[in-house]
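Below: one structure, written as structure tokens.
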Amino acid sequence: VSTSVKTYRPLPKFPATTRDLSIVCDDEIPAAQLENAIKKAVGGILENIKLFDVYKGEQIEKGKKSVSYSISMRSLDGTLTDEQADKAMEKALKELKNIGAELRM
């Protein structure tokens with residue numbers, strides 16, 4: 001006998017906006033710490049964050065790593081504008097800079 005309770009949410013009315021973000025940081029900084037900084041900065045419009053790449057190699061300074069995330073954002077109030085999504089990414093980069101990470105160029 002299953003006692004799990006299923007909860008349903010209505011389908012979203014507005015489309016999601018996705019941004020990819022690649023950052024470089026010290027090798028010792030855990031990916032979870034980077035992810036938490038992004039979550040904190042993006043806030044309530046964050047729908048999903050997915051780590052899709054960690055790279056250490058010739059193109060990255062020794063003792064550093066490149067970490068890449070796909071970030072989906074959605075507003076319940078309307079379609080997000082590019083300006084709103086870009087502002088969220090700027091906040092994320094600012095928060096990441098506080099822990100020693102920067103945008104990968």
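Derivation of every value follows stated rules applied to the coordinates shown; laboratory data play no part. Bear in mind that the values here come from a model prediction, so they are computed numbers and not experimental data. Here Cβ is always computed from backbone atoms with ideal geometry, including for glycine, and neighbour counts include all displayed protein chains.
A few points about this structure:
- Nearest 10 degrees, 0 to 90: helix 82-98 Cα axis against the chain principal axis: 50
- DSSP-loop GluC sites (Glu not before Pro) across segment 45-105, with at most 14 other Cβ within 10 angstrom: Glu58, Glu61
- Relative contact order computed over the chain (Cα-Cα under 8 Å; 6+ residues apart), in percent: 40
- Calculation over all alpha carbon pairs of segment 3-51 in 5 angstrom steps from 0 returns a P(r) of 4, 13, 22, 18, 14, 13, 8, 6, 2, 0 percent.
- Taking the Cα centre of segment 16-105 as reference, the dipole from Cβ charges on Lys and Arg (+1) and Asp and Glu (-1) amounts to some 140 debye.
- Between helix 31-42 and the chain: long-axis angle, C-alpha atoms, 0 to 90°, nearest 10: 60
- Checking the cross-link pairs Lys6/Lys56; Lys40/Lys62; Lys13/Lys56; Lys62/Lys94; Lys6/Lys91 against a 32 Å limit on the alpha carbon distance flags Lys6/Lys56; Lys13/Lys56; Lys6/Lys91 as lying beyond it.
- Rounded to the nearest whole angstrom, the semi-axes of the ellipsoid equivalent to the chain, taken from the Cα gyration tensor as √(5λ), stand at 29, 19, 11, largest first.
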